[in-house]
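Engineer: Please find one structure pasted underneath; my questions will follow.
The values are calculated or read from the model by the stated rules, or taken from the named source; none is laboratory data. Since the model is a prediction, treat every value here as computed from it, not as a measurement. Methodologically, a virtual Cβ is constructed for each residue, glycine included, from the backbone with ideal geometry; neighbour enumeration extends over all protein chains shown.
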Amino acid sequence: MRIVERITDLPHPAKQTIGFVPTMGAFHEGHLQLMRKAKSGNDLCIVSLFVNPTQFGKNEDFDKYPRDLNRDAALADSAGCDVLFAPTKEEVYPRSGSMIHVPEVTARWEGAARPGHFDGVATVVCKLFNIVRPTTSYFGLKDLQQCMVIQRMCEDLNLPYGVKLEPTVRERDGLAMSSRNVYLNPTHRTIAPKIYQLLLRSRSEIQQGKTPSLVLSAARSELSEAGFQVDYFDLVNLPLMDPANSAGVNQAIIAAAKLGTTRLIDNILL
Ligand code: AMP
């Protein structure tokens, strides 16, 4: 595996297919699964590692986001990554420049909780796509709204890159893997799997014909009682991420809740 810092040092193989995994590092099994998929489906697996400043709000964790290039390089290598693209901020953003705004799908949920977040995500992913020129890129359904944003951006802007969405990888107790789970103290770590338990239960109740609004408000109350500050726990239609009042096709239950200062997000497809 090669570690590359400069855009000009990236491979541009005309005849090889490129599987691409954009990341912010602090790798866990969720990232490694995406890399294995990218490698098995393509000639070359390129992974970007860039903690993107434009997607963090002023009071968010940009400065303390976990960073360990040596550890990440070893893990990426073990998962089949051929090129780890780890650029500096100056390489990606030589000046403050054009930004992409994806409408509608960003209006609520993470978009409302983190103003500007998806503009930063869309902009950096578009730049990375144009830098790496992947045949196919791989994203985790853990960040469902992000997946919908990327797909919508590719459609709206006619970007000629394939996008594949992969299932959420979980700890044995159901907690969705996340680089931010390291922030959880031991007490919060034992409570954290409750989100996925309630997603599973809510899905099965809705599928059994119970009224979604009642199911969802009961789940919100249980999360609050367990010590979460619930941001949202709602049923949405895909791909627009608009709220759904009744059960239908192509929907998901999405959740965001804080334990102490750590904000967890998760979702389940119906
Ligand atoms: P991040 O480094 O957090 O920006 O994530 C990089 C990619 O890994 C994104 O496509 C995420 O959706 C994906 N990802 C993060 N956590 C998981 C997980 N638990 N399961 C599957 N994919 C994940």
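Engineer: Can you run down the residue pairs with Cβ atoms below 6 Å, 6 or more apart or on separate chains, where the first is in the range 6-20 and among the small types (Gly, Ala, Ser) and the partner is part of a helix (DSSP H, G or I)?
Structural biologist: Taking only residues 6 or more apart or on different chains, the pairs are 19/38.
Engineer: For the range 189-212, which positions are under 26 Å from the mean Cα position of the chain (by Cα), surrounded by 13 or more Cβ atoms within 10 Å (Cβ to Cβ) and among the β-branched types (Val, Ile, Thr)?
Structural biologist: 191, 195, 206, listed by residue number.
Yes/no per residue for (1) hydroxyl-bearing (Ser, Thr, Tyr); (2) farther than 16 Å from residue 193 by Cα; (3) part of a loop (DSSP other than H, G, I, E, B):
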position: 220; (1), (2), (3): no, no, no
position: 225; (1), (2), (3): no, no, no
position: 233; (1), (2), (3): no, no, no
position: 236; (1), (2), (3): no, yes, no
position: 239; (1), (2), (3): no, yes, yes
position: 254; (1), (2), (3): no, no, no
position: 258; (1), (2), (3): no, no, no
position: 263; (1), (2), (3): no, no, no
position: 268; (1), (2), (3): no, no, no
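Engineer: Oh, and also: For the range 34-56, name all the residues that are β-branched (Val, Ile, Thr) and farther than 28 Å from residue 112 by Cα.
Structural biologist: Hits for the range 34-56 are 46, 47.
Engineer: Related question: Can you list residue pairs whose Cβ atoms sit under 7 Å apart, with the first residue in the range 81-96 being under 15 Å from residue 38 (Cα atoms) and the second being of a type in the set (Gly, Ala, Ser) and not in a loop (DSSP other than H, G, I, E, B)? Count only pairs 6 or more apart in sequence or on different chains.
Structural biologist: If the second residue must be of a type in the set (Gly, Ala, Ser) and not in a loop (DSSP other than H, G, I, E, B), the pairs left are 84/73; 84/76; 85/48.
Engineer: Is it the case that residue 154 is more than 23 Å from residue 26 (Cβ to Cβ), without any contact (Cβ under 8 Å) to a residue 40 or more places away in the chain and within 15 Å of the ligand (Cβ to nearest atom)?
Structural biologist: yes
Engineer: Pick out the one residue from 235, 216, 264, 198 that is without any contact (Cβ under 8 Å) to a residue 60 or more places away in the chain, in contact with a helix residue (DSSP H, G or I) (Cβ under 7 Å, 6 or more places away or on another chain) and under 13 Å from residue 109 (Cα atoms).
Structural biologist: 235
Engineer: Now a separate question. Can you spot a residue in the range 166-180 that is at pLDDT below 95 and either within 11 Å of the ligand (Cβ to nearest atom) or over 19 Å from residue 120 (Cα atoms) (or both)?
Structural biologist: Yes, the conditions are met somewhere in the range 166-180.
Engineer: Within the range 22-45, count every residue that is within 18 Å of residue 160 (Cβ to Cβ) and touching a helix residue (DSSP H, G or I) at 6+ places or on another chain (Cβ under 8 Å).
Structural biologist: 1
Engineer: For the range 103-151, enumerate the residues that are without any contact (Cβ under 8 Å) to a residue 60 or more places away in the chain, away from the ligand (no atom under 16 Å from the Cβ) and within 30 Å of residue 16 (Cβ to Cβ).
Structural biologist: Hit for the range 103-151 is 130, nothing else.
Engineer: Also, I was wondering about something else. Can you name every residue in the range 218-246 that is closer than 20 Å to residue 175 by Cβ, surrounded by fewer than 18 Cβ atoms within 10 Å (Cβ to Cβ) and among the aliphatic types (A, V, I, L, M)?
Structural biologist: Hits for the range 218-246 are 226, 230.
Engineer: Quick check on my filter: what residues within the range 20-37 are within 23 Å of residue 62 (Cα to Cα) and more than 6 Å from the ligand (Cβ to nearest atom)?
Structural biologist: 21, 22, 25, 26, 27, 28, 29, 32
Engineer: Now, a different point. Could you list, in sequence order, the residues of the range 122-143 that are under 26 Å from residue 263 (Cα atoms) and in contact with an Asp or Glu (Cβ under 9 Å, 6 or more places away or on another chain)?
Structural biologist: Selection gives 138, 139, 140, 141, 142, 143.
Engineer: Another one. Have a look at 215, 249 and point out the one that is buried (at least 19 other Cβ atoms within 10 Å of the Cβ) and among the β-branched types (Val, Ile, Thr).
Structural biologist: Every option except 215 fails the conditions.
Engineer: Quick test for you: out of 163, 132, pick the one residue that is farther than 25 Å from residue 108 by Cβ and not acidic (Asp, Glu).
Structural biologist: 132
Engineer: Given the conditions (1) farther than 30 Å from residue 100 by Cβ; (2) surrounded by fewer than 18 Cβ atoms within 10 Å (Cβ to Cβ); (3) touching a Lys or Arg at 6+ places or on another chain (Cβ under 8 Å), and given that residue 171 satisfies all but one, which numbered condition is not satisfied?
Structural biologist: Status for residue 171: all satisfied but (3).
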